[in-house]
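Step one of this worksheet: look at the structure below.
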Amino acid sequence: MELLNQEQIRQKIDRLAMEIMERNTEENELFIVGINNRGLELGRRLQERISQMAEAPIHLWNVRLNPADPMEKAAEINHDVQQLAGKAVLLVDDVANTGRTLFYALRPILEILPSKLEVAVLVDRQHKAFPVQVTYVGMELSTTIGSDVLVNLEGEESALLT
């Protein structure tokens, strides 16, 4: 079942960018940290739109981890995490399900003290089993635990419930 088509995804990203911008007008710079591939792509699109509205620099970083087994190898950020000390940080992923991926992606950021740490997702499934609160949500969805939400941000963009 299609949850979002290409145009709806674009609209959600535009709205998320506006909301993020409005809540961060006092920040001197914003660090967007995208999780793996789809979180990074969503982060890139948010960075692009926020940069059109903001005067402050908007940085895009990447955090990598194995969502299926986050304890296998610690999450790795592609820059020196110490640069985030005292800065506003926005962690971005395509879907928040149990919160496990977000939780483990936050771990390297929690080793320092950012001025602000927020989370943005395109789809929040509201099945949290980990203590993670999503700050910015494109779409909230209550589903059965056995169903999956698949987001495609390349080619024919869509969000599907399977």
The range 147-161 - residue that is more than 29 Å from I109 (Cα to Cα) and free of Cβ contacts under 8 Å to residues at least 24 places away in the same chain and, of those, surrounded by the most Cβ atoms within 10 Å (Cβ to Cβ): S147
Any hit, the range 71-80, residues being more than 20 Å from K12 (Cα to Cα), in a strand (DSSP E or B) and not hydroxyl-bearing (S, T, Y): yes
Odd one out for G34 among (1) more than 26 Å from E2 (Cβ to Cβ); (2) touching a residue at least 40 places away in the same chain (Cβ under 8 Å); (3) of a type outside the set (V, I, T); (4) in contact with a Gly (Cβ under 7 Å, 6 or more places away or on another chain): (1)
From the options L60, L65, residue that is in contact (Cβ under 8 Å) with a residue 40 or more places away in the chain and hydrophobic (A, V, I, L, M, F, W, C): L65
Any hit, the range 78-98, residues being more than 21 Å from T135 (Cα to Cα), touching a Pro at 6+ places or on another chain (Cβ under 9 Å) and surrounded by 13 or more Cβ atoms within 10 Å (Cβ to Cβ): yes
Residue, farthest from the chain's Cα centre (by Cα), within the range 132-146, restricted to residues that are surrounded by 14 or more Cβ atoms within 10 Å (Cβ to Cβ) and not hydrophobic (A, V, I, L, M, F, W, C): T143
Which numbered condition A129 misses (of (1) surrounded by 23 or more Cβ atoms within 10 Å (Cβ to Cβ); (2) under 27 Å from L160 (Cβ atoms); (3) touching a helix residue (DSSP H, G or I) at 6+ places or on another chain (Cβ under 9 Å)): (1)
Verdict on V95 being in contact with a strand residue (DSSP E or B) (Cβ under 7 Å, 6 or more places away or on another chain) and either modelled with pLDDT under 95 or more than 25 Å from D14 (Cα to Cα) (or both): yes
Search result, residues across the range 99-114 that are loosely packed, with under 13 Cβ neighbours inside 10 Å and either in a loop (DSSP other than H, G, I, E, B) or touching a residue at least 24 places away in the same chain (Cβ under 8 Å) (or both): E111, L113
Selection from the range 11-24 of residues that are in contact (Cβ under 8 Å) with a residue 24 or more places away in the chain and either over 17 Å from P114 (Cβ atoms) or in a loop (DSSP other than H, G, I, E, B) (or both): K12, I13, D14, R15, L16, A17, M18, E19, M21, N24
Residue that is surrounded by the most Cβ atoms within 10 Å (Cβ to Cβ) [pool: residues in the range 3-13 that are among the charged types (D, E, K, R) and over 14 Å from the mean Cα position of the chain (by Cα)]: R10
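The values are calculated or read from the model by the stated rules, or taken from the named source; none is laboratory data. None of these values were measured; they are calculated from a predicted model. Glycine gets a Cβ as well: all are built from the backbone with ideal geometry, and neighbour counts include every protein chain shown.
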